Amino acid sequence: MTFAFSYTKLPLLVAALLVICTTVFLRILYTMPLLSRGYRNPTLKNHPKTTASHMVVVLGSGGHTREMIGLLRRIDPAHYFQRTYIASSGDAHAEVKAREIESNIRRAQGEKDADGMTDELDLKSVPCQGIVDPVNGVWDLKIVPRARAIQQPIYTTPLSALRCLRGCIGALRAACRQSIVAHHGYPDVIMTNGPATAVVVILASYILRLSGMAPTWSMRVIYVESFARVEGLSLSGKIVLGLGLSNVFIVQWEKLAVKLNNKRKRVEYLGILVL
Amino acid sequence: MEDHKQESPSSGPVVNRKCLVTTGATAPFPELICAALQSGNLRWLAENGYTHVNFQVGTSMQYYTDLREQMTTTEGLKLCAFAFHPDLKDDMRDCLDGEGQVRGCCISAAGSGTILDALRVDLPLIVVPNLSLLDNHQQELANEMHRQGYVTKSTTNGLAKALRRCHEISANRTIEYRKRIAEYQAAFTKRVNNVVGYIDDSYDVNAREG
């Protein structure tokens, strides 16, 4: 009887597999934003963050950019001192968009008390990428390969999506290397409102945390669904919420929030944020 | 009411008032152009001090010119049209109050981009959802925005009523929703700070009070 489980390769393989599966499973449990909501950097638990942060902003189409301007208008550049924009290679106007958002952050800061909400663009006043302004911080733009070209056949899409994923991991690692707020520290927060690239960037950040290359508390994901979505989520939103990849998922309509939260709290509603 | 007060000193120099009609960039919306060009609506605009109506017609330029040729009178309004401008906000700003000009309004398809632009520029907005679009978020968005008092929703037939309604309430509306939006954005900024780990004093105070 005792020799029934003798040294054949099979039990060993099964055991190894079990160990690996358990490890991966526990690791996923540990790193999943969905399950670790409210999880903080343990070293900061009772000590609020006092240093500046690094924010990643994913750029999308013109509509996404327009909403992102509204979202980031009130962000304090003294807190979010370094801002890295990620855009896909198909976007010819990425730099203009990034500058547009930057100029709005800067102006909103300049006229914090003035009620003037003029939208005149002053793109020239925005310094170049990588130039550190002691008040408004520093910004840069990273380009990743696009996940799917227009009219690309469906069977080659996984391949290009993987290339995009690799590009995103590379971009985040580069952002880490170039961090000026923390020596070789990964970005603190990823702000996105749902272009396709955002899903891949979020996935890349998750892979970095899962594999242990980045600390679990880095790159917290804030996903704000587009304000055009009144009754249902966009595809990106469905993926991000479905996989639980975001730390905070915000919708801009109360009705939608109620609909999505009918069983348990999954999304937050704070009002219309993009105006 | 506010509008009538602003109108009264117009007896001296000519006071301009401009209305922008925009069909949006993505889909053609000839019904809106047709509705805006109806004599009843133009007459209402003229009676309420409007001097100019600008049309952003997109791909429907031919349709606009055809309609324009059939018209017998413009009710004394100056009408002009263009296909696209890269930044519609400039055209919207052109309708705001300024030197020798009273704040006008914008009539638009209910695209989210146009709504954002108009609200940011503080131009009173009437949205007319484009019913011919199949994947129709426009209708839902327009309903909600109307319900919360940001815009006035209309149909192509009910434009005259919507114009009246928009001008009756537009005076206080902007101030009211500006305040609301500032609160929303403050809440959002606090939430972001909270996620990253900054302690926002006011956030804590509120939490303790509540």
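Just a few scattered comments:
- Charge dipole (debye, nearest 20) of chain B; +1 at Cβ of Lys and Arg, -1 at Cβ of Asp and Glu: 300 debye
- Inter-chain Cβ neighbour count for A:73-80, averaged per residue, equals 4 (cutoff 10 Å, partner chain atoms only).
- Helix runs (DSSP H) in chain B reaching 18 Å along axis by Cα, Kyte-Doolittle at least -1.0: B:159-196
- Cα gyration tensor category, rounded, prolate or oblate, for the protein assembly as shown with a/c compared to 1.5: prolate
- Restricting the range B:37-135 to chymotrypsin sites (Phe, Trp or Tyr not before Pro) that sit in a DSSP loop and have at most 13 other Cβ atoms within 10 Å of their own Cβ leaves B:PHE84.
- The modelled label-to-label distance for the pair A:LYS265/A:GLN151, using points 7 Å beyond Cα in the direction of Cβ, is 4.9 nm.
- For the residues A:THR22, A:THR65, A:THR84, a GNM of chain A with alpha-carbon springs under 10 Å puts the largest fluctuation on A:THR22.
- When the charge dipole of the range B:16-196 is built from unit charges on Cβ atoms (+1 for Lys and Arg, -1 for Asp and Glu) and taken about the Cα centre, the candidate among B:PRO86, B:ALA46, B:VAL196 whose Cα reaches farthest toward its positive end is B:VAL196.
- Shape class for the range A:129-264, computed from the alpha carbon gyration tensor (a ≥ b ≥ c): oblate, with a/c not under 1.5 and a/b at or below b/c.
- Near B:GLY24, the amide H atoms lying under 5 Å from its own belong to B:ALA109; only residues 5 or more places off or on other chains count, and H is placed 1.01 Å from N.
- Rounded to the nearest 500, the helix-only mean residue ellipticity at 222 nm of chain B stands at -15500 deg cm²/dmol, with each DSSP H run of n ≥ 4 adding -39,500 (n - 2.57).
- Listed by chain and number, the lysines placed with their C-alpha closer than 23 angstrom to that of B:LYS190 are A:LYS45, A:LYS49, A:LYS112, A:LYS255, A:LYS265, B:LYS179; residues fewer than eight positions away on the same chain are left out.
- Relative contact order computed over chain A (Cα-Cα under 8 Å; 6+ residues apart), in percent: 20 percent
- Dipole-positive endmost among A:THR216, A:ALA196, A:SER89 within the protein assembly as shown (Cβ charges, Cα centre): A:THR216
- With both labels modelled 7 Å from their Cα along Cα-to-Cβ, the A:MET213 to B:GLU99 distance reads 5.8 nm.
- Ranked from largest to smallest solvent-accessible area, with a 1.4 Å probe on the protein heavy atoms, B:GLU183, A:GLU95 come out as B:GLU183, A:GLU95.
- Across peptide A:256-262, the average count of Cβ atoms from other chains found within 10 Å of a residue's Cβ is 0.
- Rounded if a/c under 1.5, otherwise prolate or oblate - chain B, Cα gyration tensor axes: prolate
- Largest GNM mean-square fluctuation across A:ARG66, A:ARG264, A:ARG27, computed for chain A with C-alpha springs under 10 Å, falls on A:ARG264.
- Most to least accessible of A:HIS184, A:HIS54 (protein chains only, probe 1.4 Å): A:HIS184, A:HIS54
The values are calculated or read from the model by the stated rules, or taken from the named source; none is laboratory data. This is a predicted model, so every value here is computed, not measured. All Cβ positions, even for glycine, are placed from backbone atoms using ideal geometry, and neighbour counts span all protein chains on display. For accessibility, only protein heavy atoms count, side chains too; no ligands or nucleic acids. Shrake-Rupley method; radii C 1.70, N 1.55, O 1.52, S 1.80 Å.
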